1. What spacing in nm lies between the two simple spin-label points modelled at PHE183 and TYR60, each 7 Å away from Cα in the Cβ direction?
2. Taking the Cβ of ARG195 as the centre, find all other residues whose Cβ is under 13 Å away and add up their charges (Lys, Arg: +1; Asp, Glu: -1).
3. With n ≥ 4 as the cut-off for DSSP H runs, can you work out [θ] at 222 nm for the chain, using -39500 (n - 2.57) per run divided by the number of residues, rounded to the nearest 500?
4. What do you get for GluC sites (Glu not before Pro) in region 283-383 restricted to DSSP loop and a cutoff of at most 13 other Cβ within 10 Å of the site's Cβ?
5. Where Lys and Arg each count +1 and Asp and Glu each count -1, what net charge lies around SER249 among other residues with Cβ under 15 Å from its Cβ?
6. Please build a GNM for the chain, connecting alpha carbons under 10 Å apart, and tell me which residue among SER56, SER248, SER166 fluctuates the most.
7. Order by neighbour count: GLU53, GLU259, fewest other Cβ atoms within 10 Å first, most last.
8. Once the dipole of region 1-99 is set up with Lys and Arg at +1 and Asp and Glu at -1 on Cβ about the Cα centre, which of ILE52, VAL20, ILE74 lies farthest towards its positive end?
Amino acid sequence: MLKSKAISIIDNMILGCLIVYSLTFLIPMPINLLVTAFVLGLVKLFFVRPKIEIHSKHFYFLGLFIVCTMISVIFNENASFSEYRSYYMSPLVAILLIFLFELTKKKALILITLASTVFFINGIYVIYQFYIEGNVGRPVGFADGYMLLCGMNLLILPIIFTLSLSKKNIHKYLRWFFFLTIFINIPAIIFENTRIAWLALFFVFIISICYSIKEKIKKVFMIIFLIIYSLCCFQVSPSSVQRFETMSSTEYKIQSNYERILMWQSATNMFLDHPLIGVGIGNYHDEYINKYRSPLSREDQWHPHNVLLSMLSQTGIIGGLSYIILFTYLYYKSISDYKKTRNYITLAYISALTAFCINGLTDCNFVGHNLKEITYMFYFITGIYLILNKNVIINNKNKR
C-alpha cells in the first residue's frame, strides 16, 4: 500500500514538472524541469521495475549516433567532453523519461494544450509588440531569443495544426482552440521575420491538410485560405515583405544570406581537411576563426548554421553519417507506421520532424551551440510519439 502511494506521489510530481515545463519552455528557468522529472523517475525505480517492450530500432540508431560522435571526442586532443556531454548526452533524458513515467494520451493532450496556450499568449504579445510598441524588426514576445522561438515554433505548431484538423480524435472545442492558436501565430511568425520558419510551416501545413482532409474541395479551400491570410499579414509588414524578397539572394549586400554561404564553405573545407573524425566537438569556433574564416566574412560565428555541416566539420564522416542514418530511420519508421495505420499522431510527428529538419538547413537546431533546449524538446516529442504510437510499451504493474 505504501509503495503504491509512493509511486502515485512520484508520478504526480513528474507530471507537475512536465506541466510547468509545458508552460515555460520559451523562457529561461533556474532548473531543467525535464532533468528534474528524469531524476524523480529514477527514484521511482526503487518501488517499481517496469516491463518494457520496444517495437522499433529507434534506440539502436540513437545509440549508434552517440557512440560515433563520442569517437570524435576520444580521438581529438582538444575536443571538449563537457560540451559533448552537455549538448549530446544530457538531452537524452527527455526521451529516456518515457521509461520512467506512465504517459497516456490524456496526459500528452494536456501537455500539448498547455503548450498551445503558451503559443496563443505569446502570439498575441508578438502582435502587440508589432502594432502597439512599433517593433517591426524581430519581435519575439516572451521568448528568450528569436532562434529559440523559431525552433519551438517548428517543433510544436505543426503538431497543433495537425491536431486541429483531426475531427474524429480531438474534441471540437479543443480543435477550435488549436486552430485559433495557429490563426494567431501566422501573423506573429510573419512579424518575427524568420524566413526558414515561413518556408517550413507553409510546407508542413500543406502536408497536414492534404493527409488530414479527405474532401478535395475542403483541401483546396483550406490551402487557399492559408495563402490569402498569410499574404494579408505580409501586406501590413513592409519589413517582412523585404525579408521575403531577399530570401533567394546571394548578393554580398544581403549579409545574412551571403554570410551563410561563406560559413558553409568554411565548414566544408574544415570537413575536407579532417574527413574521418572532424576537428572535434567544441573546436569549431577556434578552427573557424584561426584557419577557415573567409576574408569576406563580417560575423564571428560559433557554428555553420547547418546541422549536417556542423556534424561533418566537428565529428567527420563517422559522426556525420551516424546523424544521417538516425534521421533517415526516423523518417522511414514514422512514414511506414503512417502507411499502415493512417494515425493522426504519426502524421503530427512527421510534420514536426519535417519542419525540424528544414530548420536544420539554416541553423544548428539539433545538438547545436546555445540551442540545446530545442534538442531537449525534440527528444521529448519523439519519446511521446514512441509511447502513443506503441513503438514502446511500458507495463508498470511489475512492482517490487
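Nothing in this text is a laboratory measurement; each read-out follows from the coordinates by a stated rule. Since this is a predicted model, take the numbers as computed values, not measurements. Reconstructed Cβ throughout: ideal geometry from the backbone, glycine too, with neighbour counts over all protein chains shown.
1. Going from the PHE183 label point to the TYR60 one covers 4.7 nm.
2. Details: positive: ARG138, ARG243, ARG260; negative: GLU192, GLU245, ASP363.
Summing Lys and Arg as +1 and Asp and Glu as -1 gives 0.
3. Taking each H run of at least 4 residues, the total per residue is -22000 deg cm²/dmol.
4. For GluC sites (Glu not before Pro) across region 283-383 that sit outside H, G, I, E and B with at most 13 neighbouring Cβ atoms in 10 Å, the list reads GLU299.
5. That works out to +1.
6. Of SER56, SER248, SER166, the most mobile in the Gaussian network model is SER248.
7. Taking fewest neighbouring Cβ atoms as first place, the list is GLU53, GLU259.
8. ILE52
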